[in-house]
Structure formats: C-alpha cells, structure tokens
Amino acid sequence: MRVIDFFDKGCALGEDAPLFVTLDGVETSYGRMQEWSRRIAAAMAAVGATAPHVGIWAPNDPLAFAPWVGALRAGGCWVPINSRNLPEVNIEFMNTAEVDWLFYHSQFADVVPRVKAEAPTVKHFVCLDREDGDHPSLARFCAEHGTGAVPDVPEDRDRIVGIVSTGGTTARSKGVVHTNLCWETMIASGWHAMPVEGRPVHLLAAPMTHAAGILAFVLAPGGAKNVILDKVDPLLLMQAIDEFRVTHLFLPPTALYSMLAHPEVRNFDYSSLRYLLVSAAPVSPEKFKEAVEVFGPCVCQVWAQAESPFFLTWLPPSTVARAARDPAYAHHLKSCGREFMLSRVAVLDDDNREVPIGERGELCMQGNLRMLEYYENPAATAEIRDPAGWQHTGDIGYRDADGYFYIVDRKKDMIVTGGFNVFSAEVEAALNAHPAVRDCAVYGVPHEKWGEAVHASVELKEGASATLEELMAFARERLGGTKAPKSIDLIPALPRSPVGKILKRVLRDKHWAGRDRAVG
C-alpha cells in the first residue's frame, strides 16, 4: 500500500471526526486535513514538482501536518526540520536532504533569508499561518494554486516517503531514507502491538518531527484524535491525560522522569491510558517500576532507531506490569523487550558472528523496517551494513534465554578503564536509583594510569541534596570498585537534544579538549 492510503482510511471512518484538538478546544477534522493535502499536492503538480522533498519547520501545530500529508499525496517525501535546533543545524540538514520546498511557521520567518542564502536547493517557500512578504500563507497557496488535478501516484513500495535526521547527539546528522514498505511495516506493527477499541486519543507533546508525530501517523488509520501540546510540560501532560481521556502517549525517559518528580503527579486520573510508550533511551528500572505504580498497567517500551523505526523489540504493558509487581520477573524492567514479529534482531561480535545467549555484542537487525540508505551517502550506509545483510545499530547488549534483549550502552560510550569494559548504562542505572537523583550521564574521562576513568554528571531532583561522597559510595555499593564512578560533578541541568536525549558529547568533549582522540 501507499502510505497516503493509511491516512485516507482514517478519513473514511468519518471526515468530520477531529484529527487534532488544541488545549483551548480548536479542532481540525480529518476531512479538512484531507482537503488541504489534496490542494497542496495539486499546487505542487501545477508548478511541475515531481517527487518533492518537503521540509517542514514548525512547532507542534496542526498546520504542520498538512504539507506532510500533501507531500505524500504528491509522491514526494517528508523532511522534518526540528524547531528546537539551532538554525545552522537545520540549514545543514536541509542541504543534506536536498529540500526543495519549505513550509515554515511565522515564528521562524526571520531565519528564511539565511535559508535562501545557505540552502540553494530550496526553491519554494510557504508560510503556514500567515502571509510573509512574497511568501503566501498556506491558505492562499492552496486557494490560488491547488484547484487543479491531484497527482495519481502509483503504488511503489520502494518510493521514498521520508528523509529524517539521525539526531546528531554523537556526530553530524545524516539523512535516513524511509520507503513506503518501511512505513507500511511500521504502521502494521503499531496496530499489532497496541490494539485499542474505538478511536484512540493520542497526546502529542514531544516534537512532531520525531516519534510523537510518527505515532500520530501510525494511529491515523483508526481515526485517532491527537491532543496537541507545543511543549513537554509535566503538569500540562497530566492535566491533558485526565481531561481528554488519553489512551496513547509517547515520551522519552527524561520527560517521564519529570512527570514522576512533579509534586502533583498522583493527583490526576490516568485510568484511560492504555499505552504510555517510553523510548529513545534506556529507562531506569526503578523509575519504570514507579511509573507503573503511578500510571497503572499501561507502561511499555519499544526499541528502534531513526534507521529502523518502530518496532524492533517490544516490551508490552503486561510484561512491564508483571515485572513491577513480581520480583521473579523484575529483571525485565532492564529489558527493551523481545524481537517483534516483523523484524529479526541478533547480537553479533566484531566478526559479524552471533554470540551465545548472555554474552554482549552489537544489536543488529534485518527486515522491512530497515532504512533504504543514508541519503546520498553510500560510504556511511556501507559502514553499518555487513555482507549478510545485517544493519548494525551501534547499541551494545545481550539476549537472555527467554528471548529478552538488554541494551547496556552505545558502542561509542563503552569505557575501557584499566583494561576492563564498563558500560555507562549500568552505572547510570545505579546512580538513578538514588532518591535524590533526577538523571545522570556517565562517560569516560582521561586518566594517566587507567587510560579512562568512569565519571558521572548528575542532576538532582528539585529541592533534593546529596554529597559527591554519598553518591560515589552509593554507586560503589551496587557496582563494585571497577564500575563505580571515580569522580562526579553536580550540574543544574543536563544538556539535552530537542527530543530529550542527553548530549553526552557536550559533557565529554571538555574533558578531552586538546587531545587527538576521545578514548584512553
């Protein structure tokens, strides 16, 4: 199927049904979005666009969904531009993805002159919410140019439907190419993993440019209503779940931790939640368990990447709930789940051979969720593909005898200290168990004797206190002398990417400045 057909299935359930609703009650219907997307596709065809690369630079806003659907209807691809990035980062990515159409919100109008000067592939500009000089609003663009025929795009499983950023938390972003087949598999996986009776109610709070927006598209065939927030605010999240009877919510771990730390977290009704989906980074087992206690048996986890989107492994709510209440299954709180039905996952060594159960190696995948390539970057594509067709994820982990996978680190984040391998996720989990710790980042710093030493940057909960000696002793008791941090610094707030991932390189780089490599 074409990806656009999935959206049209949601429209067929009722054109007047709300696709989006804002906190102040403003609704956008499925029928209205379908009309916008048809006019956008017709307008692109009228100016001769074929397979357009459509960049969308906007905050969470229903209008930002229209050119996304319109691009698919025109046979083109969606290029999400993260509104929380610095302008130079976004301009660089637009050049990487060869964006030729840019739909932008007026709050970014002052950056458009830079785009024109520094991103020469961008030829067409539309301001979503108002007129902006020579650039029409979305309403005028559709009215003046969108009255012609809508392109008839044939089914093609290999047609590109998206070029998304790798995120750039450890290196310069690359453009990940997704196809119709990849997204068809992703949508089917989503509905198999997360069935729900009636129309889902999805709380879209994390950036639409990432997993939260993709989940909105996954749920569209079921006529989902998306309650849209323009930021991840713990109190607004909790109020919205209660008020709108939300069934689905995606959050990165840092946002979940913020909710759990909020003094009013137990003052709302979360009984409507069916799937509180936590992903994008490993979750502290203690906070996983606490989340079940607070939000109920709805907490779940998926492991995926930009290069292989939802769902590679799946830890369903029932498994998480059982692990939270039964000590015999508590180890599953450290797991990212079992291999999902439409993907193959294996743990391979450096020679691309599968390692025995319980041994650590790199998690690799095969299947239709695999990206087509890094856009116009065959060398980078070849770096993560082996001759047997496995795609290497860069995540280090192991599989237990029951088929559950456990991620212990990114391959680049492994610390080698005195000849011993220390996986930062294990140390972070130990520190996160301290009652005063909100979150932390563990990484290697230079050490004259050991090459690298384990170091932790710790963010405490608001109003909490702990000494460095207390934290180091707490970790040493749980990890032993080799893995426990040899040094800790307390910082007011850990640096995070726009989607909530901790930017370890920002913390680590200052320790390795002036050296020709960042490992010991």
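Values as computed for the structure displayed
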| quantity | calculated |
| --- | --- |
| Failed condition for Pro492, given (1) of a type outside the set (Asp, Glu); (2) assigned to a loop (DSSP other than H, G, I, E, B); (3) surrounded by 15 or more Cβ atoms within 10 Å (Cβ to Cβ) | (3) |
| Those residues of segment 462-481 which are assigned to a loop (DSSP other than H, G, I, E, B) and either of a type outside the set (Val, Ile, Thr) or surrounded by 15 or more Cβ atoms within 10 Å (Cβ to Cβ) (or both), in sequence order | Glu462, Gly463, Ala464, Ser465, Ala466, Gly480, Gly481 |
| Of all residues making up segment 211-233, the number that are part of a loop (DSSP other than H, G, I, E, B), modelled with pLDDT under 95 and crowded, with 24+ Cβ neighbours inside 10 Å | 0 |
| Which numbered condition Pro282 fails, given (1) out of contact with any helix residue (DSSP H, G or I) (no Cβ under 9 Å at 6 or more places or on another chain); (2) within 30 Å of Tyr406 (Cα to Cα) | (1) |
| Failed condition for Phe65, given (1) assigned to a loop (DSSP other than H, G, I, E, B); (2) under 24 Å from Glu27 (Cα atoms) | (1) |
| Any hit, segment 119-140, residues being part of a helix (DSSP H, G or I) and among the aliphatic types (A, V, I, L, M) | yes |
| Subset of segment 22-34 that is within 22 Å of Gly162 (Cα to Cα) and without any contact (Cβ under 8 Å) to a residue 60 or more places away in the chain - its residue that is surrounded by the most Cβ atoms within 10 Å (Cβ to Cβ) | Met33 |
| From the options Val416, Val427, residue that is in contact (Cβ under 8 Å) with a residue 40 or more places away in the chain, among the β-branched types (Val, Ile, Thr), more than 18 Å from Val302 (Cβ to Cβ) and part of a strand (DSSP E or B) | Val416 |
| Count of segment 30-49 residues which are in contact with a helix residue (DSSP H, G or I) (Cβ under 9 Å, 6 or more places away or on another chain) and either outside any helix (DSSP H, G or I) or among the small types (Gly, Ala, Ser) (or both) | 8 |
| Residue match in segment 254-275 (condition: out of contact with any Asp or Glu (no Cβ under 6 Å at 6 or more places or on another chain), within 22 Å of Phe340 (Cα to Cα) and not in a loop (DSSP other than H, G, I, E, B)) | yes |
| Any pair with Cβ under 6 angstrom, 6 or more apart, that starts in segment 490-504 at a residue that is over 18 Å from His455 (Cα atoms) and ends at one that is polar (S, T, N, Q) and assigned to a loop (DSSP other than H, G, I, E, B) | Ser497/Thr169; Pro498/Asn82; Pro498/Asn85; Lys501/Thr169 |
| His434 being buried (at least 17 other Cβ atoms within 10 Å of the Cβ) and part of a loop (DSSP other than H, G, I, E, B) | yes |
| Any hit, segment 66-84, residues being surrounded by fewer than 17 Cβ atoms within 10 Å (Cβ to Cβ) and outside the structural domain of Lys501 (by TED's automatic domain parsing) | yes |
| Total residues in segment 387-399, condition on the phi < 0 side of the Ramachandran plot and loosely packed, with under 14 Cβ neighbours inside 10 Å | 2 |
| Residue that is farthest from the chain's Cα centre (by Cα), among those in segment 317-337 that are crowded, with 18+ Cβ neighbours inside 10 Å and touching a residue at least 40 places away in the same chain (Cβ under 8 Å) | His332 |
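The values are calculated or read from the model by the stated rules, or taken from the named source; none is laboratory data. Predicted model only: the values in this text are computed from it and were never measured. As a convention, Cβ positions derive from the backbone with ideal geometry for all residues, glycine included, and neighbour counts pool all protein chains shown.
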